[in-house]
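Read the structure below first, then the notes.
The values are calculated or read from the model by the stated rules, or taken from the named source; none is laboratory data. Here the structure is a predicted model, which means the values were calculated and not measured. Using ideal geometry, Cβ is built from the backbone for each residue, glycine included, and neighbour counts are taken over all protein chains shown. Side chains are part of the model used for accessible areas, which takes the heavy atoms of the whole protein and leaves out ligands, DNA and RNA. Shrake-Rupley method; radii C 1.70, N 1.55, O 1.52, S 1.80 Å.
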Amino acid sequence: MSEATAQATRAKKRSTIGWLRLPLIVTYAFLYIPIAVLVVMSFNASKTPFVWQGFSTRWYGELVNNELIREGFINTMIVAISATILATILGTLLAIGVARYFRSAIVEAYSLTPAIIPDLALAIGLLAFFSLIGVTLSLFSVLLSHVVFGMAFVAAVVIARLGQTDASLEEASRDLGAGATTTFFKITLPSLAPGIIAGALLVFTLSLDEFVIAFFTNGPSTPTLPIVIYSMVRFGVTPEINALAAILLLVSFTIVLSAQRITRLTDAV
Amino acid sequence: MNTQPHTQSHTSATTTPLLSIQHVSKAYDSTVALDDVSIDIHPNEFFALLGPSGCGKTTLLRAIAGFEAPDTGSITINDDDGKHETNLLALPPNKRPVNLMFQSYALFPHMNVRKNIAYGLEREGMAKDEINVRVDEVLETVALTDKAKARPNQLSGGQRQRVALARAIVKRPKLLLLDEPLSALDRKVRAEMQLELKRLQHEVGITFVVVTHDQEEAMSMADRIAVMHDGRVQQVADPVTLYTRPANVFVADFIGSGTLIPGTASTASGTNEPTAFTAHVSGSPVLPAINPNNVIGESILMLRPEHVRVHTNTAEAALAGTVVETHFYGGSSVTAVQIAGLDTPLMARQPGAPAHRVGEAVALSWNADDAIILTDTSSTP
C-alpha cells in the first residue's frame, strides 16, 4: 500500500515539467517565430520585405488588386470546395463499406494509402495515369487528384468514428421499422457527422495549400494559388506574399480549430 | 441413455402459442450456436431464456428479431388465436411484428427522448397527432414525462433503460424481446427495475421474452423459463418446477444450489413413487429417492440443502458423515457434512443457529420425494 502511495507521489513529481520548461519554450519559439515574423511583416509599410518602416495595411489592398493572385485564389477555391464535397461523399461511403461490409485489414490499408504515400509519388503516378488515358491537364485534373488523397483522409477519420459508434444503433433502427435507406440517412450519417465534418475540413485545408500534386497535374492556363505564389517568389519575396500567407494562415487556423471544436462538442453528446 | 432432455411443461399449453419455434438450428463455421431448439411461447407470458454465456440464448433472440438467419427450422407468430399464422423468417427485421430491446439500449444519441420514442411510429407513417398522443401515453407509463426533451447522455442508467423499453412498447408489438435488460444497471436499480418490468408487462399486456444469464432474475420475473446450454434447450418449465423437478444435472446445478451424489438407479418408475438409488459412496447405501424422469443406470441424485435433515442419532440415517464446516447466515445456517467416498461435502440448511459442532458424527435424512434421480449430462459427450 505504502509502496503504491510512494509511486504515486513520484509520478506526480515527474508530471510537473520543471527544467523541461526550457526546451518546451525553445521548441515553441522555433515553431512560431517564423510565423510571427511573417504576420508582422505583412503589416510593414516598407517595400523591402524585411526592414520595418511602420504599420500599414497597404499590402492587403494591393493583394486584392493583383489580377494573378485573384485568379489563383478563385481557381484554388473551385478545386478546394469541389474536392472537399467529392472526397467527403466518397470517403464516407468508402469508410462505411470497409468498416461494416468488407472487414479486411488489407482493404482498409489500401483505402488509406493515398494519404500516406509521398505527394511526389502520387503526383507522378497521377500525371502518368492522366496522360495514359488521355485526360487534358486542367483544373479538373487537379480536382480529381485532390479527391484521391482527400478521400483517404476522410475515410481514415470516419473509420475511426465508426469504431466508436454502437453498431446496434443501426439494428435498433431496422427493428423499429426503418428500411436500409432510412436507417442510413436518419441514424448512420448523423452518428458519423462529427467524423465526416472533421474529415471535410481537413480535406479543405489540405487542398487549399497543396502544391506538389497541383504542380504536376495542372494545365498551364489555370494556376492555383500555391502555384501563383511559387512563381511570384521566384523573383523575390514581396510583402504582398507575406499578406497572402497571413490570410491563408488565418483561414487554416480557423478551420482546424472549428474542426476540433465540432468533434469535441458532438463527441460529448 | 436419454438423448432428448427437453421436457415441456404443459401448464398453459391449452391455448395456441403466440410464438412457435420449431427445430431451429444455427452453426457458425464449426461451433453450434443453436441445436434443434423448439419452444412455444404463449400470449401474455413473461418468458425467460436462461443460460450461461455462449449457450445460444442471444442467438435465438436475434433470430426471432431477424438479425440472425437460422440454418434450419421455423419461427412463426400466430395472430387472432391461431387464425392467422406469420412466418417470421420470411420477413426482414423491419417488417416483423416483434421489437427488440438491446442490451446496450441503442438509444439514438442525436435525438432526444421524445424523438427516440417517436422514431418507430414515424416509420409506420402514423399521423403526427396520433404519434404525440401515443408518445405522451408511453412516457407516462414509464414515468419519464419530464425527461421528454433530454438527450440520452443526460439520463441515468435506469432512465435510459426505461426509454429503450418505451421506444419498443410504443410500437405495440405482439412480442417484446429483451436482451439482458438489467445487466447494465447497478445492483440497487436492478432490483427496482425487476419489479418495474414485471408491472409494465402486466400493464401493457405484451408478451415478453427476456434473455438473461442471471438465474435469480429469471426466477423472480418469468412465468416460464427455458434453460439453455450448448445451444440446446435443457428444460422449459415454470420456476418452481425448474427448482424442484430439474430435468437433468445441468439444470439442477444452474438453478439454485444442491449436492449431487453419483450412483445407480435400478427401477424406472416414471412417477413420484419412492424408488431405490444405490449411491457410489463407501458402503454403497441404498438411498430414498424418486425417479420422475425415468432414468436407469449410472445417474446422479440431487438434494437441495433445505431438504436435508441432520441428526445426532445415527439410527435414522440414510447417510452418515462428519460435520466439517458450519455457516450461520442469521435466519438460517448451513452445515457441511463430509460423507466418506463423496468428493464434496453434503450441504444441509436449517433454520436458526447451527445445531452441530465441527467434527461431530451425524446422520442425514430426507423425504424420498425431495431427492431426485437425474441424467448425468455432464458425463455424456
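Which numbered condition trips up residue B:229, out of (1) surrounded by fewer than 17 Cβ atoms within 10 Å (Cβ to Cβ); (2) within 23 Å of residue B:24 (Cβ to Cβ); (3) not hydrophobic (A, V, I, L, M, F, W, C)?
(1)
List the number of the failed condition for residue B:176; all other conditions in (1) open to solvent by less than 10 Å² (accessible area, probe 1.4 Å); (2) part of a helix (DSSP H, G or I); (3) within 17 Å of residue B:197 (Cα to Cα) hold.
(2)
Limited to region B:171-191, what total is found for residues that are farther than 19 Å from residue B:138 by Cβ and without any contact (Cβ under 8 Å) to a residue 40 or more places away in the chain?
Residues in region B:171-191 being farther than 19 Å from residue B:138 by Cβ and without any contact (Cβ under 8 Å) to a residue 40 or more places away in the chain: 8 in total.
Taking the criterion of being closer than 30 Å to residue B:94 by Cα, touching a Leu at 6+ places or on another chain (Cβ under 8 Å) and open to solvent by 10 Å² or more (accessible area, probe 1.4 Å), would at least one residue in region A:190-213 satisfy it?
For region A:190-213, residues closer than 30 Å to residue B:94 by Cα, touching a Leu at 6+ places or on another chain (Cβ under 8 Å) and open to solvent by 10 Å² or more (accessible area, probe 1.4 Å): present.
Can you tell me how many residues within region B:80-93 are more than 8 Å from chain A (Cβ to nearest Cβ), surrounded by 12 or more Cβ atoms within 10 Å (Cβ to Cβ) and either under 24 Å from residue B:122 (Cα atoms) or within 26 Å of the chain's Cα centre (by Cα) (or both)?
4
From (1) outside any helix (DSSP H, G or I); (2) surrounded by fewer than 21 Cβ atoms within 10 Å (Cβ to Cβ); (3) in contact (Cβ under 8 Å) with a residue 24 or more places away in the chain, pick out the condition that doesn't hold for residue B:77.
(2)
Residues A:255, A:247, A:229: which one is in contact with a Leu (Cβ under 6 Å, 6 or more places away or on another chain) and farther than 16 Å from residue A:145 by Cα?
Of the residues listed, the single one that is in contact with a Leu (Cβ under 6 Å, 6 or more places away or on another chain) and farther than 16 Å from residue A:145 by Cα is A:255.
Take residue A:259 and tell me if it is surrounded by 22 or more Cβ atoms within 10 Å (Cβ to Cβ), away from every other protein chain (no Cβ under 14 Å) and not in a loop (DSSP other than H, G, I, E, B).
So residue A:259 does not fit the description; no.
Per-residue answers, yes or no, for (1) open to solvent by 10 Å² or more (accessible area, probe 1.4 Å); (2) closer than 29 Å to residue B:55 by Cβ; (3) touching a residue at least 24 places away in the same chain (Cβ under 8 Å):
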site	(1), (2), (3)
B:278	yes, no, no
B:284	yes, no, no
B:298	yes, yes, yes
B:322	yes, no, yes
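Where residues in region B:99-130 are part of a helix (DSSP H, G or I) and farther than 24 Å from residue B:158 by Cα, which of them is nearest to the other protein chains (Cβ to nearest Cβ)?
This residue is B:123.
Out of the residues in region A:158-192 meeting the condition of being part of a helix (DSSP H, G or I), within 9 Å of chain B (Cβ to nearest Cβ) and β-branched (Val, Ile, Thr), tell me which one is nearest to residue A:202 (Cα to Cα).
In this case the residue turns out to be A:187.
Just checking, does region B:21-33 include any residue being of a type in the set (Val, Ile, Thr), open to solvent by 10 Å² or more (accessible area, probe 1.4 Å) and under 30 Å from residue A:187 (Cα atoms)?
Checked region B:21-33: no residue is of a type in the set (Val, Ile, Thr), open to solvent by 10 Å² or more (accessible area, probe 1.4 Å) and under 30 Å from residue A:187 (Cα atoms).
Scan region B:137-156 for residues that are within 14 Å of chain A (Cβ to nearest Cβ) and part of a helix (DSSP H, G or I) and jot them down.
B:138, B:152, B:153, B:154
Six or more apart or on different chains, Cβ under 9 Å: which pairs go from a residue in region A:66-79 that's over 22 Å from residue A:145 (Cβ atoms) to one that's of a type in the set (D, E, K, R) and open to solvent by 80 Å² or more (accessible area, probe 1.4 Å)? Could you list them?
From region A:66-79, no pairs qualify.
Determine, yes or no, whether residue B:194 is assigned to a helix (DSSP H, G or I) and touching a residue at least 24 places away in the same chain (Cβ under 8 Å).
yes
Working only within region A:92-111, note down all residues that are open to solvent by less than 70 Å² (accessible area, probe 1.4 Å), at pLDDT below 85 and either among the aliphatic types (A, V, I, L, M) or closer than 20 Å to residue A:208 by Cβ (or both).
Matches in region A:92-111: A:99, A:107, A:109.
Of these, B:134, B:96, which one is within 13 Å of another protein chain (Cβ to nearest Cβ) and either open to solvent by 10 Å² or more (accessible area, probe 1.4 Å) or in contact with a Cys (Cβ under 6 Å, 6 or more places away or on another chain) (or both)?
After applying the criteria, what remains is B:96.
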